[in-house]
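Written below as structure tokens is the structure these notes are about.
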Amino acid sequence: MTAVHAEPTAPVVTDEPARSARAVTALTVRQVRRAAVLVTALAAAMSALVAATHASTIGNAAQAESLTALAANPAIRTLFGEPTNLADPGGFTVWRTGIFLAVLIGAWSLLVTTRVTRGEEDAGRVDLLLAGPLPARHLLQRQLAVLLTAAAAAGAAATAALLASGTDPAGAAVHGTGLALTGMFFAATGALAAQIFPARSGATGSAVAVLAAGLMLRMVGDGADALGWIRWLTPFGLTGLTRPYDTNRWLPLLVLAASTAAMTAAAVFAGRRDVRGGWLNPAPGRPPRLALLDSVPAFALRRMLRPLAGWAAGIGAYFLLVGLIAQSMITFLADNPHFANLASQAGFAGLDAVEGYAASLFALLALPVGGFAAARITAFFADETGGRLTLLCAGPRTRRWAAGAEILVTAGGAVVLVLVAGAATAAGATLSGAPLSVAESLAGAVNVLPVALLSLGAAVLALGVAPRLMGWISAVPGIGGFLLLVTADSVNAPHWVAQLSPFAHLARVPAESPHLTAAAVMLLVGSTAVFVGLTTYGRRDLAA
Amino acid sequence: MRTAKLSKHYGPVRALDQLDLEVAAGEVFGFLGPNGAGKSTTIRLLLGLAQPTAGTAHLFDVPAADVASAHRHLAYVPADVALWPQLTGAEILELLARTGPGTDRDYQAELVDRFALDVNKPARTYSTGNRQKVALIAAFATRARLLILDEPTSGLDPLMEREFRTAVREARDRGQSVFLSSHQLAEVEAVCDRVAILRAGRLAEVATVSDLRRLHRTEIEVSFTGELPDLETMPGVDTVETVAPGHIRFSLAGPPGPALWALVSADIATLSVREPSLEEIFLAYYGEAIR
């Protein structure tokens, strides 16, 4: 018989629920911290940079006044929001960065929220967490607390940067609070959507649709005086209505705060549901739809069609609006020729003719189309890590071939998106009577395709070489190049710095003829990246 | 299928070390080992999903890395079946049939019936067992020469487990080879011709199930009325235990004759001889490490 030497020790019982709740908070922080730091830093850096360069951009009060007149034009207002006090560095910063940052913080907040809530649930990891003493409702509350704080931090960073730049504290506070509340509103929207829809894709898609609709409402409200009240219905409109550095109204912020609180409460209330269930559960069965299942490329096309339709709807709606307001822009600038010069100084060169106007806006098209391409390759990698590719890879084909099919189909999707943008712009221009032909419009849209394909190339390169860093690497040509160009222009960096951006080599089609050499170089770089990425991908071990 | 000195190292970890294995055509081959022994790593190397650090693997005399050729005659069921959540079972079976190595659609329909799979549900709603059924039906319905099954029945209920064994036998009757990695020792015992046992990335044994038994000790339990003979000194006898007065248990390796002769003098009342189950053999291989 074995002698027992040690006294049996009772396990140390601590406050289990509280400890697991803290663990969940810590987990959520880990899941969001890296991107949260980046978004916060971007909000601070952009605000500080634009505020610091205000003097060199605006020069004197007379120029500010002229710019105010330009910015008051309905078309400009539709695109960039209603300007408040452009003579003030803070007011100018709000006008230049406000909507961009609001969309950035809002979009990031909702994406990260659906990822850590419904995404983790889809993956089955939430089941493990909830096997502990923590109730499901508390899990959601803990996650929301972290996500709302992250969104608030981004807004606070903008306030801090503007305060550090020496702008009016009240304006900085109003602007930062508006950004923070916008982020929090969309985090809550994402959380609510994650309770309603039983899959991450549906939750993300519907929350993005809310954001896009909010942005559209803001554009309509800013563009048409008679419909100005519509801005009370959207976070982007409400932040505009606060008029930072001007009247600094707090009432719109209160409305936004109340909506955010209501949305958060609704999400928490809707959280009373079955884990892995939702409030909109699809029918339990359906007859098979066998189209596009007969080969790997066909299946890649099948998986792309629904996301492509979403992206096409968003891009099409935006560029239809661009076309619709074209005539208003052209008329205004024709009546006030001296504004063309001012506009170019303020960074909107060549807006005096419809071709220049269209070219400026088509350059932006490279961002969503490149984003679409990167998102498809990201989804392909998610299929790999999720183990869904394994069965296809066990079939008689090389992995390189399967990935190649995915890339070709994605490139096809990118072409469709630029054509949709071109057609939508032409349709809007025709409706508003602007002199922009379908051919010019399509040429302008197709012109940005090489930049979007650079993003695709970067994503494929990442797929082969460093798939875990795909989000960062694929953002380099598009978002990175765009920010580089804007920043280099703002701080008067040496010429070659801006030349690193693909956007610097984009001809202003249809105002100019395309830079075929630059386009060829970009396509060559993109193809090389695809080739290297595919080669490495064929050799590396399959994840999962 | 054959491998020669097949090795896979992840940094300093030797997931698989110098594996030499050969599976003949038409054979059902069991691949045993505890978690982390390197079973799934071996299968990933065989499928070309990962590159070996050293050594070679060939399927039908084609290097495993040449997947376009090798996979023309192969079907696979992963240990953890992941499916596209929005596709229904029928759609996934269609996809795998159209992109796979050729499928017998009639047999596929029969298997759907036998495995009682509701193919109209989206994969999102499938349990682990149902996802495994989809992959199993897709694999068994192919006319591939080799079926590689990685723990295919871990989520199946006993009824479905029986269907699985039937399907394996049908595959063998058609001349298909089956490479079955499994934890279900009873299942391996029931369907496999030969078994390989893997331990910490190295091959511990390859033998038929009956040979494995012979290599191991038989357990004998005897009750008697007379005097207990001195068994301890007899060759092959080990661990004599007294269960109750006049009732002993001992293990025996080698021929049982001498021990039985000795016991005859003790007036045997009851005698039971039990061959070790594969589970006991398995535990004998790995148990020491745990104890």
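One table, with the values for the structure above:
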quantity: Positive minus negative residues near residue A:82 (Lys, Arg vs Asp, Glu; Cβ under 9 Å); calculated: +2
quantity: Accessible solvent surface per residue of the stretch A:17-273, calculated while the other protein chains remain in place, 1.4 angstrom probe, Å²; calculated: 38
quantity: Global form of the stretch A:356-412, assessed from the alpha-carbon gyration tensor, a/c cut-off 1.5; calculated: prolate
quantity: Theoretical FRET efficiency, 1/(1+(r/R0)^6), r = Cβ-Cβ of residue A:521 and residue B:13, R0 35 Å, to 0.05; calculated: 0.20
quantity: Whether chain A is rounded, prolate or oblate, judged on the alpha carbon gyration tensor where a/c under 1.5 counts as rounded; calculated: oblate
quantity: Set of aspartates and glutamates with alpha-carbon distance to residue B:8 below 17 Å, sequence-local pairs under 8 removed; calculated: A:541, B:17, B:20
quantity: Descending principal axes extents, the stretch A:17-273, alpha-carbon based, whole Å; calculated: 66, 38, 27
quantity: Residues listed by number, the stretch B:236-263, amide nitrogen under 15 Å from residue B:270 label point at 7 Å toward C-beta; calculated: B:243-250
quantity: In degrees, nearest ten, helix A:326-335 long axis to first principal axis of chain A (Cα); calculated: 30
quantity: With every protein chain in place, chain A: carbon and sulfur % of accessible area (1.4 Å); calculated: 69
quantity: Modelled FRET efficiency - R0 60 Å, residue B:56 with residue A:272, Cβ distances, 0.05 increments; calculated: 0.55
quantity: Segment residue A:127-residue A:279, length gained on full extension (0.36 nm per residue, minus Cα span); calculated: 52.9 nm
quantity: Where chain B is the region considered: accessible area per residue in Å², 1.4 Å probe; calculated: 44
quantity: Cα point-scatterer Debye curve for the stretch B:99-162, base-10 log of I(q)/I(0) at q = 0.15, 0.18 Å⁻¹; calculated: -0.46, -0.66
quantity: Net charge, residue A:207 excluded, C-beta distance under 12 Å - Lys, Arg +1, Asp, Glu -1; calculated: +3
quantity: Net charge, residue A:461 excluded, C-beta distance under 15 Å - Lys, Arg +1, Asp, Glu -1; calculated: +4
quantity: Amide H contacts under 5 Å for residue B:16, placed H, 5+ residues apart; calculated: B:8
quantity: Calculated P(r) tail over 35 Å for chain B, as whole % of Cα pairs; calculated: 32
quantity: Distance in nm between pseudo-label sites at residue B:244 and residue A:493 (7 Å out along the Cβ direction from Cα); calculated: 8.9
quantity: Accessible area that becomes buried as B packs against A, both chains, 1.4 Å probe, Å², nearest 100; calculated: 2900
quantity: Solvent-accessible area lost in complex, 40 Å² minimum, residues of the stretch B:91-131 relative to chain alone, 1.4 Å; calculated: B:91, B:94, B:95, B:96, B:98, B:99, B:120, B:124
quantity: Spin-label zone in the stretch A:166-199 - amide nitrogen under 17 Å from a point set 7 Å from the Cα of residue A:145 along the C-beta vector; calculated: A:188
quantity: Helix-derived mean residue ellipticity, 222 nm - over chain A, DSSP H n ≥ 4, -39500 (n - 2.57), to 500; calculated: -24000 deg cm²/dmol
quantity: Of all accessible heavy-atom area on the stretch B:192-234, the percent that carbon and sulfur account for (1.4 Å); calculated: 44
quantity: Longest DSSP-loop-exposure-free segment, chymotrypsin sites (Phe, Trp or Tyr not before Pro), chain A, at most 14 other Cβ within 10 Å; calculated: A:280-544
quantity: Label-to-label distance, nm, for residues given as residue A:431 and residue B:208 (7 Å Cα→Cβ offset); calculated: 8.0
quantity: Minimum 20 Å² accessible area buried by the other protein chains, the stretch B:48-65 residues, probe 1.4 Å, relative to alone; calculated: B:49, B:51
quantity: Degrees separating the helix A:16-52 axis from the principal Cα axis of chain A, which is the longest one; calculated: 20
quantity: The stretch A:412-439-the stretch A:91-167 distance, computed between alpha-carbon centres (Å); calculated: 35
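The values are calculated or read from the model by the stated rules, or taken from the named source; none is laboratory data. Being a predicted model, the structure only gives us computed values, none of them experimental. Using ideal geometry, Cβ is built from the backbone for each residue, glycine included, and neighbour counts are taken over all protein chains shown. SASA here: full protein model, heavy atoms, side chains in, ligands and nucleic acids out. Shrake-Rupley method; radii C 1.70, N 1.55, O 1.52, S 1.80 Å.
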